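The values are calculated or read from the model by the stated rules, or taken from the named source; none is laboratory data. Computed from a predicted model, the values in this text were never measured in an experiment. Note: ideal-geometry Cβ built from the backbone for every residue, glycine included; neighbour counts use all protein chains shown. Side chains included, ligands, DNA and RNA excluded: accessible areas come from the protein's heavy atoms. Shrake-Rupley method; radii C 1.70, N 1.55, O 1.52, S 1.80 Å.
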Amino acid sequence: MFGSGDIPYVTASEMNNSIVSYISYKESMMEEGNSIMIGGKTLVITYQPDNFFSNDSHNLILYLKQSEKRTELIQLFLVACLYHRLKPIYSWGDSISYQKIQSDIITLPTTKLGEIDFEYMENYIQKILNDNLQIVDSFLKENNLSSFVLTPSEKKAVEDFVNRKINTKDYKIASIFNIYSPPKRFNANAIEFGGKYPYVARGSENNGIRGFTSQNIQYLSKGNTISFGQDTATIYYQRLPYFTGDKIKVMELTDSELNENRAIYLISAMRKSFSTFAWGISSFNEDVLNNVIIRLPVTKSNEIDYSFMENYISAQKKLAILTIIKTPEIEQNKREYDIEKKYGIMNVADKKDNYE
């Protein structure tokens, strides 16, 4: 039944706007969209723009009596008001019901004439959405993306991954990376922070960057490389030249130019290989690293498919926006591109069987 059609199957789940699948079922059982659904037991309240099927007689569906006011923005405001009022009242053991909700009261904004101020509701939610769009715009700029809409190449990359249409080949890290020590190691306790260049250590946060320092530039490690913490297996792409501390190796791609999207894919593949290791005191030495095997996508001519890597990672960045930022434009894009049904956020390090 799950995945059998195109109509949302809505439950009381807190995830994915309560949509757990898309199904085909009796049209007589379909609920009218452009409405608000309340999960009877969980009190999850969602706006449902499209017609849908529901799974539980405890669920309640609310239709605004003034049909001309049943806009998405107004109903999103009402969802927040309902949450604010009903959440403290009901629980799993004392759940909401059709009878109980008849007596419940919510607080709404009003005009000077004492009428419900629907215009205020719309303007308020629109302001939130505009702020979200600014977040989207900043994200796009930071990640060198022109739009959150998948290009044909990005869409094909994700579909090929999902449908296991990717040819792969195993490579020793030494065959694609030149691994070497930085020009000089700087003790973090002996340098002054607050300078110009990143100081990369072995920490697991902030891309390994502990701070910024100004030292002799002849000791800078190259940008567009990967830093590897030998005793922590922390791996990060470093776009800018950087100084390092102890037990850091620099990994420089030998057969092509490294960029952020390629690096993210390669790092994910390396982390997958490293996850199988039982690390000992000397396990992170250069000889061991050079001989680690990673699996990478290849073209029909059996060469590393860097184009696929870039398109796949670029698509994942956009899909991340589609699942986090909520705006009418993005929601429409999700529906048009069938995002919820086909894709999702996928990490190549977590996918073991999506290769031919």
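Below, the figures for the structure above:
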quantity	calculated
Portion, in percent, of the accessible area of the chain that falls on carbon or sulfur, probe 1.4 Å	48
Surface accessible to a 1.4 Å probe, per residue, for the residues of region 1-108, Å²	57
Relative contact order %, region 151-290, counting alpha carbon pairs below 8 Å whose residues are six or more apart	26
Integer Hz, Karplus 6.51/-1.76/1.60 couplings in order for region 80-97, x for Gly and Pro	5, 5, 5, 4, 4, 7, 8, 4, x, 8, 10, 8, 4, x, 10, 7, 5, 8
Net length gained if the chain between S103 and K141 were fully extended (0.36 nm per residue, minus Cα distance)	8.8 nm
Cβ-Cβ FRET estimate between S13 and N51, R0 fixed at 25 Å, reported to 0.05	0.85
Residues whose placed amide H lies under 5 Å from that of N59, excluding near-sequence neighbours	G40
Pairwise label distance in nanometres, Q215 with T110, each label 7 Å out on the Cα-Cβ vector	6.8
Only Lys, Arg (+1) and Asp, Glu (-1) charged, at Cβ; the chain dipole about Cα centre in debye	900
Mean Cβ count within 10 Å, highest first, over the residues of peptides 132-142, 24-34	132-142, 24-34
Which listed pairs, of K169/K300; K184/K272; K172/K272; K26/K69; K222/K318, have C-alpha distances above 19 Å, in listed order	K184/K272; K26/K69; K222/K318
At R0 = 45 Å, FRET efficiency that the Cβ-Cβ distance of V20 and S204 yields, to 0.05	0.85
Which label in (1) -0.28, -0.38, -1.16; (2) -0.23, -0.31, -1.09; (3) -0.34, -0.46, -1.13 gives the computed log10 I(q)/I(0) by the Debye sum over Cα atoms at q = 0.06, 0.07, 0.14 Å⁻¹	(3)
Degrees between helix 306-324 axis and first principal axis of the chain (Cα, 0 to 90, nearest 10)	30
